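Worksheet: the structure to be examined is printed underneath.
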């Protein structure tokens, strides 16, 4: 009897656990779990995969006799056959000698084995994480039968093989491990109150254990806790407590009176916003909870929430309704980061009684989602024409912070009719052009339809596709009804809303429907007369609202006429109701003004629309016995035989009274018509398909599927519920990983469980006999998360081998590379593709380093030889190069590359500025002089071009200025002699100023032209002046010719030019005379010096 309370008063500490019973079977530990004060009763120990407790080997023959194992368990994450308490050989196999109480991927089980055969007891309850469970295993040594209880409820599924012989178990009893000496099949969670009894406890005794607990506080102090259920509020209960010693001396401790007071109960807890699309890290999430307490004396109500890595955060909830027996509380929080968020509600009352809701987990991530604002465009009518039938609006509800291209979507539309029938924004091509829609924006596409030249009714399906697969929804459909008709009245009916399934419990059922006169426009020839709409309902239906028959004298417009109907399920019809599929039909008929029936497409006069509703048994007591459900309805105490009745669905079945059907091997293979291993490549998909088939000749109803496993929290199954599956029908379940980041590369074990109800109805005389059978099956599935695909891994392996071949051809050292490739082959065989990628990257890097080192070494060697021919010392470079070559020769390519880089730096420092200038000049004399000559010529050419460009520009400007001045003179003449607006005195003064400026301009112009003409002349000065004089004389003759003979120049310009030219001739003659005199003077001076 181990309380696990770490009570020092009885000799306990972190490594010693005392047996509180008289047998003193104490326990200890080396790799100890962590003790914490928050157990089920007092403290407990928290285990991980490397910690356990050794409870000794005082009972080697334990399973040769009756005994009972009792323990409280709080599991964090389910594992495969995680041992709670065990006494086995060092192996996790079910046949391994010994016994163990285990948590097996969400199920509790009890195993006994002798090394060859084993017995097992399974409990059908799938337990939740982070919840305390009381687990009891009972062993009957006489018939070799184990029994397991969870929270006082006995389990099913015992396996008792033949030839089970007993042997001693020479192994230590372990807590948190199947062996007290080693970590074998270890447990991850908390364990409290471990007890082993030397007899088989009865079911009643197990129930007492579940509702009570005895703890030892000191050598003379004990605490008894009794949890009394089904206590009535305000009723006083008297408890008498007694005790007995080892000598069986009994005595009464006392009598205690307790008044019943129910603690707070969390009835509902819901989050807003609800859709996952709107649950974002920066969203304010509000939790609304309804808490009930008969006294209404709430003390504290807390919202507790956390992400996958944090502890619980507590937020005090505020009441939004007055404190009564039922009060509504709210609180809010902002997650802040992407994660799966778990929340729960904690409440206590003034008496200290607490209540905690179940955990609710919601995914809070930046989403990439979209939807259509409407999936039904309605009905439209036309004849041999193209008209608008409405719009399709695509709403990008995703988040701009989503990792995949900020959730910018590319959407395309197509349709199921022949091309040319539908137009998207005036284009009939299918698929349509791509519409780019940013996060949190919409795009509306106009839809037009081409109607036929015949009477026909068609259903149009418009499919909208996510072109780039960036969102969580690949496509969505919108429908419309197209009616091609020539004219006159045309009726249309539609059941717009109806439940898929209904549980057989008192409630109301609403079915929505309407009808229209599509062609009604107010004219008499389009009016429908004497229109009747009739509902045809299953037998036993009770109408609570709406009319089973609706009549209209005439319908002249095209507005909708509502035909909704409400039905009631209550004790008057539920008792004889048959579970299965029921059909609800709406018929509509109308007439022309002349009394003839209106004919619709396919020559129909009566329109018929049907919907099917599957009725399933209600698994919660509601006080009403649905006899056909048998024990599927907890209100039925035994199987009943209802009177003969009609309607309903069903088929054959086996078993009766709600028993669980034993499946054949063929049925198990068909019911889970799926593989046991699935591969998913990271980034290339986060869904896989689980297939199921109904292998029975009868209808399977109320089909449900769930998944357990270490990361089952992060999986979503759609659909999770199927109301009905006909014989031989198949269904594909889409399993989506909602948080891919939590699924590391490797194997992930998942267990999928399917349940349903199989029933058949048989006529026996005047009675209908309904037989109900439960169908339960599960399948272990291995989900392999791969970093890359197998084909990519094959290509990488081939790349690695090609690199090795290249290195061998290049005579490179390959020992390390060969070892890495051997490791790559092992990783490929084990499908550890992430490791394969890492190894290949190392090989590629090593090969690159080898080739780069070899090439740089060769280049540096050549440079050192070149330096030597020029008498430059490179001793340090040669030494560093030798070190690099040594590392290279032994295959240490990373070090060799570092060494060669150091050698290159040393070489650069050694030869910097060390090349002699004379050597350089001698080796490159021709090139140097050629460069100098070319440089000088380029400079001269540049200077000449620059000067000539400036002179050209200046001459051009002077010509413009000359033209302007002449224009001003003409304007002055015009003002004085023609317009008489200027006096002669003013005229003379203006013209004189213009002529002075004109003379200056012409003089400067002639000088510039002369300078340009003789820019490159290298002749002596007197020769150059003589040529310039001849040139001026030619220009004088040309000027005289233009003025006298042609008359192409004005008198003032002629005079000014002649004046400037003659002045320049005089300057030249004067300069030449001066030069002659200076030369004569120098000669005379030279003769005197000589004599």
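Listed values, structure above:
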read-out	value
Criterion: under 21 Å from residue 807 (Cα atoms) and buried (at least 18 other Cβ atoms within 10 Å of the Cβ) - qualifying residue of 884, 880	884
Selected residue [in contact with a strand residue (DSSP E or B) (Cβ under 7 Å, 6 or more places away or on another chain), farther than 30 Å from residue 396 by Cα and surrounded by fewer than 16 Cβ atoms within 10 Å (Cβ to Cβ)] from 292, 286, 309, 321	321
Which listed residue, of 54, 58, is over 21 Å from residue 209 (Cα atoms), crowded, with 19+ Cβ neighbours inside 10 Å and either modelled with pLDDT under 90 or not assigned by TED's automatic domain parsing to the domain that holds residue 197 (or both)	54
Which listed residue is part of a strand (DSSP E or B), more than 45 Å from the chain's Cα centre (by Cα) and more than 30 Å from residue 440 (Cβ to Cβ), from 257, 247	257
Some residue of region 144-153 being surrounded by 18 or more Cβ atoms within 10 Å (Cβ to Cβ), in contact with a helix residue (DSSP H, G or I) (Cβ under 8 Å, 6 or more places away or on another chain), at pLDDT below 80 and under 23 Å from residue 778 (Cα atoms)	no
Residue 542 being surrounded by fewer than 20 Cβ atoms within 10 Å (Cβ to Cβ) and under 27 Å from residue 518 (Cβ atoms)	no
Single match in 221, 299 (criterion: surrounded by 10 or more Cβ atoms within 10 Å (Cβ to Cβ) and touching a strand residue (DSSP E or B) at 6+ places or on another chain (Cβ under 7 Å))	299
Residue match in region 511-531 (condition: in contact with a helix residue (DSSP H, G or I) (Cβ under 7 Å, 6 or more places away or on another chain) and farther than 30 Å from residue 574 by Cβ)	yes
Residues satisfying the stated conditions in region 795-831, i.e. in contact (Cβ under 8 Å) with a residue 12 or more places away in the chain and either farther than 14 Å from residue 846 by Cβ or part of a loop (DSSP other than H, G, I, E, B) (or both)	796, 797, 801, 810, 812, 813, 814, 825, 827, 828, 831
Condition broken by residue 515, with the remaining ones in (1) at pLDDT 95 or above; (2) farther than 30 Å from residue 418 by Cα; (3) surrounded by 15 or more Cβ atoms within 10 Å (Cβ to Cβ) satisfied	(2)
Count of region 561-598 residues which are closer than 19 Å to residue 519 by Cα and surrounded by fewer than 16 Cβ atoms within 10 Å (Cβ to Cβ)	6
Test: residue in region 415-434 that is under 19 Å from the mean Cα position of the chain (by Cα), surrounded by fewer than 16 Cβ atoms within 10 Å (Cβ to Cβ), not assigned by TED's automatic domain parsing to the domain that holds residue 601 and not in a strand (DSSP E or B)	no
Residue count, region 438-471 (criterion: touching a helix residue (DSSP H, G or I) at 6+ places or on another chain (Cβ under 9 Å), farther than 27 Å from residue 494 by Cβ and surrounded by 13 or more Cβ atoms within 10 Å (Cβ to Cβ))	5
Selected residue (only one of 573, 554 is within 30 Å of residue 482 (Cα to Cα) and in the same structural domain as residue 524 (by TED's automatic domain parsing))	554
Qualifying residue in region 248-258 (condition: closer than 26 Å to residue 349 by Cα and surrounded by 12 or more Cβ atoms within 10 Å (Cβ to Cβ))	yes
Hits in region 961-982 - residues which are exposed (fewer than 12 other Cβ atoms within 10 Å of the Cβ) and either in contact with a helix residue (DSSP H, G or I) (Cβ under 6 Å, 6 or more places away or on another chain) or not in a helix (DSSP H, G or I) (or both)	979, 980, 981
Matching option when the condition is over 16 Å from residue 134 (Cβ atoms) and assigned to a loop (DSSP other than H, G, I, E, B), among 172, 237	172
Selection within region 387-414 - assigned to a strand (DSSP E or B) and surrounded by 15 or more Cβ atoms within 10 Å (Cβ to Cβ)	389, 390, 392, 394, 395, 396, 409, 410, 411, 412, 413, 414
For residue 342: the one exception among (1) closer than 26 Å to residue 131 by Cβ; (2) outside the structural domain of residue 295 (by TED's automatic domain parsing)	(2)
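Results for (1) more than 30 Å from residue 406 (Cα to Cα); (2) outside any strand (DSSP E or B); (3) outside the structural domain of residue 594 (by TED's automatic domain parsing), shown as yes or no for each residue.
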| site | (1), (2), (3) |
| --- | --- |
| 453 | yes, yes, yes |
| 459 | yes, no, yes |
| 473 | no, yes, yes |
| 515 | yes, no, no |
| 522 | yes, yes, no |
| 525 | yes, yes, no |
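The values are calculated or read from the model by the stated rules, or taken from the named source; none is laboratory data. All values reported here derive from a predicted model rather than from experimental measurement. When we count neighbours, we look across all protein chains shown, and the Cβ atoms used for this are built from the backbone with ideal geometry, even at glycine.
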